[in-house]
Amino acid sequence: MNRRTLALTTALGLLAALPAAAEVKVGMITTLSGGGASLGIDTRDGFLLAIEQAGRDDVEVVVEDDQQKPEVAVQLADKMIQSEKVDVLTGIVWSNLAMAVVPAATAQGLFYLSTNAAPAQLAGAGCNPNYFSVSYQNDNLHEAAGAYATQEGFQKTFILAPNYPAGQDSLNGFKRFYEGELAGEIYTTLGQTDYAAEIAQIRASGADSVFFFLPGGMGISFLKQYADSGVDLPLVGPAFSFDQNILQAVGDAAVGVKNTSSWSKDLDNAANAAFVDAYSEKYGRLPSIYAAQGYDTANLLLSAIDKADVNDDAAFGAALKEADFDSVRGSFSFAANNHPIQNLYTREVIKEGDVFTNKIVATAMENRDNAYVGDCKM
């Protein structure tokens, strides 16, 4: 063997020994600090669990904290697209951040897979072939709450939510399926922690029930203050107001409250049972809806990677659209505007030992798509 052949053989051997470069690079922008941190942490942990379980070395995930600030999210997205050269973006929890990032990202040819935020603007006229919401459309869980309130015979519900895209979608969704009259309708400040004025309005309104959408620390503050206020009206809310993290902070005051969700830890399917066990074992806590959505998003992505090149927009989009994975929600498919068709459930807050959690008590809506399919012209 001459020197040239030996050198070439040695070089090839060294290259073979190096780890293979990731074929797909994912940029996860999510909230890891501040009052909404638990939502982003669960999103990240659910997503990374699925990647780890798959044993894949062809997917690299870059995670950054958006600090729940639109301007930070935009800066991170620009960095990930221009410097990190990511193929896919994901992870944003808050709809105002999604509206700041998603349209520009998809316009540059990036795929965006939403683990949570799914504002109406991106479901209707603003839909895009490269944008998939794996979670829901923002209105969905609130639509189910409106249907539940009607079924329960509530006639004068007071409704409130933060003044940002998801809050506006939430009240619109509730009203779409609620047949009673409103005792009041107010938008609070995003990030608000003092609800004395709102609770006073509820007390004076003549309401027979209250619907509220206040995710993260906002929900914790409201529920504690409501419990201390002596106002004894039934509460209804979406899962975001009663997720695992909120329940542990609120405690007994939440027991018995009904809330609506697309997922629950007691959903009876093999994929969900395995997910709940694996997540609980790895992280030492029960998963939330955010974790479940992050997990499903990663598994959807993996299923598409196995079928198509991420650089071939048409083929990769078609592979995502197939939704060929075992969702923790059981039956799962995409509507024409790339948002889920799925069941929505009514849950009740319970206490299992020392842990507050939820159990399904009814199916609120079957195979629900969303109100904006007809406005999407893809």
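The values are calculated or read from the model by the stated rules, or taken from the named source; none is laboratory data. The model shown is predicted, which means the values in this text are computed figures rather than measured ones. Because the Cβ atoms are built from the backbone with ideal geometry, glycine has one as well, and the counts that use them run over all protein chains shown.
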Hey, could you check region 174-184 for residues that are in contact with a strand residue (DSSP E or B) (Cβ under 9 Å, 6 or more places away or on another chain) and part of a helix (DSSP H, G or I) and say which is farthest from G36 (Cα to Cα)? F177
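For region 142-165: of the residues being in a loop (DSSP other than H, G, I, E, B) and among the aromatic types (F, W, Y), which is surrounded by the fewest Cβ atoms within 10 Å (Cβ to Cβ)?
Taking the candidates together, the pick is Y164.
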Residue, farthest from E366 (Cα to Cα), within region 247-275, restricted to residues that are without any contact (Cβ under 8 Å) to a residue 40 or more places away in the chain and surrounded by 15 or more Cβ atoms within 10 Å (Cβ to Cβ): A249
Being crowded, with 23+ Cβ neighbours inside 10 Å and not β-branched (V, I, T) is the filter here; which residues of region 94-109 pass it? W94, S95, L97, A98, A105
Of the residues in region 138-157, those that are closer than 17 Å to Y372 by Cβ and out of contact with any Asp or Glu (no Cβ under 8 Å at 6 or more places or on another chain) come to N140, L141, E143, A144, G146
Across region 194-212, which residue is nearest to the chain's Cα centre (by Cα) among those that are surrounded by 13 or more Cβ atoms within 10 Å (Cβ to Cβ) and in a loop (DSSP other than H, G, I, E, B)? Y195
Contacts under 7 angstrom Cβ, first residue in region 113-125 being in the same structural domain as A318 (by TED's automatic domain parsing), partner surrounded by 24 or more Cβ atoms within 10 Å (Cβ to Cβ) and acidic (D, E), 6 or more apart: P119/D169; A120/D139; A120/D169
